[in-house]
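Heads up: the structure comes next, in structure tokens.
Only the coordinates and a few stated rules stand behind these numbers; no lab work does. Every value quoted in this text rests on a predicted model; they were computed, and no experiment measured them. Cβ placement follows ideal geometry from the backbone for every residue including glycine, while neighbour counts extend to all protein chains displayed.
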Amino acid sequence: MSGKPIKILGFGKYLPQEVLSADLELKYGLPLGWSEKYSGVQSRHHITFESIGYMGAQAIENALEKCQMKLEDIDLLISASAGFDYPLPSQSSIIKSELKDGMSVNIPALDVDSSCLSFVSAFEIASSLLDGKKYKNIIIVSSEIASTGLNPSNWETLTLFGDGAVAAILQFDPDSDAAYIKGNMRTYSEGVYDSTFKGGGMKLFFKDNPYDPELHSFAMNGRRLLRLAKNKLPEFIDDFFKDLPISMEEADAIIPHQASKLGVSILSSLYRVKENQVLGNLSTYGNCIAASIPLVFHDAVESGAIKRGDTCFIIGTAAGFSIGGLLLRF
């Protein structure tokens, strides 16, 4: 398979304090074991002092150090997240300002937000921009804080979500076998309001809508989202691979968004995937929104589960309701 010579040079990550499900259940009065049984999460990470900007900057510094690069080697910084520290300025500019050399190196910074698919969308945008001339190296960072926007009375979301940040450095490298092969995304608007965080925007502005846990917390219609995913994923995946010389089942690694316990199991129930082919970290990270997919990728590379030359299929869903996929040769 041919593709554009885009190489992931390396990753970096930052995780705040670990929170065990047993401690969360004790704090909020949930039955012991409820989280693992229904959400599939044994532990996750929640912030204590961190901001989205702080975590994103730490992940970038980690990636630059691993790749033995400096910020001045980067041509563009993309913040690929659903969350933000402030409505203004842009989250990417905040993350950049918190970097060690952020005040002296004036590279451009922009935001990409397609909810849980933000990293996937940013990867496709970066791959189209990378040309070895104007754009040689682009860094994508997904930094997410879910814990502050959860309603304690909604056990499903309370136990499911975690916080964290991960950064990836992409490079145009015609001498490498690595490649961006294909990307695609579709939005099925019948599910647009099945995942919501309504309070705080211009339609329900904070001045006119005082804090209310129902209005200012994340909410989702899990059953309807699961039905949508089961209905739409097969046609999306079949269409994605119809003009490619391989099928999804022939990819070396499949990295799905860590949406939920049932959401992660969809691929295994619909397709004949091999043991250990579908990678995940839901049990130890929870759903980290846009950071979920790159965190799985990061850890798989670190552990050796993904090696140079491996074909990787990334697939996920997002609020809206969208499905997105990427096929890469790492």
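Return the label of the correct value of Kirkwood radius over Cα pairs in Å, as calculated from the structure shown, out of (1) 20.1; (2) 20.7; (3) 23.4.
Computed from the coordinates, Kirkwood radius over Cα pairs in Å corresponds to (1).
Over region 2-141, what is the percentage of antiparallel beta bridges among all DSSP beta bridges, to the nearest 5?
Within region 2-141, antiparallel bridges account for around 30 percent of the total.
How much of the DSSP beta bridge set in the chain is antiparallel, as a percent to the nearest 5?
Antiparallel bridges: around 70 percent, rounded to the nearest 5.
Could you check which residue among 289, 94, 266 shows the biggest mean-square fluctuation in a GNM of the chain with a 10 Å Cα cutoff?
Top of the fluctuation ranking is 266.
When the label point is put 7 Å from the Cα of residue 211 along its Cα-to-beta-carbon vector, which residues of region 137-152 have a backbone N closer than 18 Å?
145-152
For the chain, set up a Gaussian network in which alpha carbons nearer than 10 Å are linked by springs, and say which option among 191, 29, 40 fluctuates the most.
In this elastic network of the chain, the residue with the biggest mean-square fluctuation among 191, 29, 40 is 29.
Suppose every Lys and Arg Cβ carries +1 and every Asp and Glu Cβ carries -1, with no other charges. What dipole size does region 15-126 come out with about its Cα centre, to the nearest 20 debye?
Values: 7 positive and 16 negative charges, 49 e Å.
That gives a dipole near 240 debye.
Assuming R0 = 30 Å, can you tell me the calculated FRET efficiency for the pair residue 42 and residue 224, based on Cβ-Cβ distance, to the nearest 0.05? Spell out each step's value before the answer.
Values: r = 27 Å, r/R0 = 0.89.
Efficiency computed from Cβ-Cβ geometry: 0.65.
What whole number of Å gives the distance from the Cα centroid of region 286-326 to the Cα centroid of region 138-214?
Answer, in whole Å: 14.
Distance in nm between label sites at residue 101 and residue 32, each 7 Å beyond Cα in the beta-carbon direction?
Here the answer is 5.3 nm between the modelled labels.
Of the candidates 108, 294, 31, which one comes out as most mobile in a Gaussian network treatment of the chain with C-alpha springs shorter than 10 Å?
31
Measure up 66/261; 7/66; 4/100; 7/100; 4/274 against 21 Å on the Cα-Cα distance and list the ones that go over.
The answer is 66/261; 4/100; 7/100; 4/274.
Rounded to the nearest 500 deg cm²/dmol, what is the calculated helix-only ellipticity per residue at 222 nm for the chain, with -39500 (n - 2.57) per DSSP H run of length n ≥ 4?
My calculation for the chain gives -8500 deg cm²/dmol from helical runs alone.
Could you tally the net charge around residue 44, taking each other residue with its Cβ under 9 Å from the Cβ of residue 44, Lys/Arg +1 and Asp/Glu -1?
Local charge sum for residue 44: -2.
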